Amino acid sequence: MMLTTIHRSRRALIASAAVLGALASAAVPAAVSQAAPAKGPVVSTATTSLGRILVDARGHTLYLFGKDTKGKSACSGACAAAWPPLIATAKPRAGAGAEASRLGTTRRADGRLQVTYNRHPVYTFVKDTQKGQTNGEGLNAFGATWDALSPAGAKVVKHAANGSGTGGY
């Protein structure tokens, strides 16, 4: 009788060890995937009718807002709905033609981090629905002018003969 009890205890111990081993190996991939660093937004360049400008990962033009001061966004509410800020959930990354040293973030009033380039908070424009569009260039909306950003981090000046800035807001 004692031998049967020992065998049962041994089998229960082996079964418990197998279950614990299976649980441990199942938990490892989940822990590894949670620990993997999040990928931050990519800022790169593209050639448009304005020349070489900064774009987001979708190829959409990145703009600066003339009302922003000291690296802080002055665009929220309806402004941010029309000019969505480029939000960072991880460190922004420089793609082709962009300079990593010019990338940064600033904290918005809602607590989210917004990507900056050369200390300018950057935005997209809702009327730029395809790669290379620059419909927001030179628009005066929400109290200041919107300009596409050059790879040097300065506003791009629209050429007089260029009609790409149409599509006012």
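The values are calculated or read from the model by the stated rules, or taken from the named source; none is laboratory data. Keep in mind the model is a prediction, meaning the values are calculated, not measured. Glycine gets a Cβ as well: all are built from the backbone with ideal geometry, and neighbour counts include every protein chain shown. Remember, those area values only see protein heavy atoms, side chains included, never the ligands or the DNA or RNA. Shrake-Rupley method; radii C 1.70, N 1.55, O 1.52, S 1.80 Å.
The table that follows gives values for the structure above.
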| read-out | value |
| --- | --- |
| Most to least accessible of HIS60, HIS120 (protein chains only, probe 1.4 Å) | HIS120, HIS60 |
| Per residue convex hull volume, Cα atoms of the range 85-129, in Å³ | 93 Å³ |
| 15 Å beta-carbon shell around ARG112, net charge (K/R +1, D/E -1) | +3 |
| Simple spin-label estimate for GLU99 and SER49 in nanometres, 7 Å along Cα-Cβ | 2.9 nm |
| Label point distance in nm, LYS67-ASN140, each placed 7 Å from Cα along Cα→Cβ | 1.4 nm |
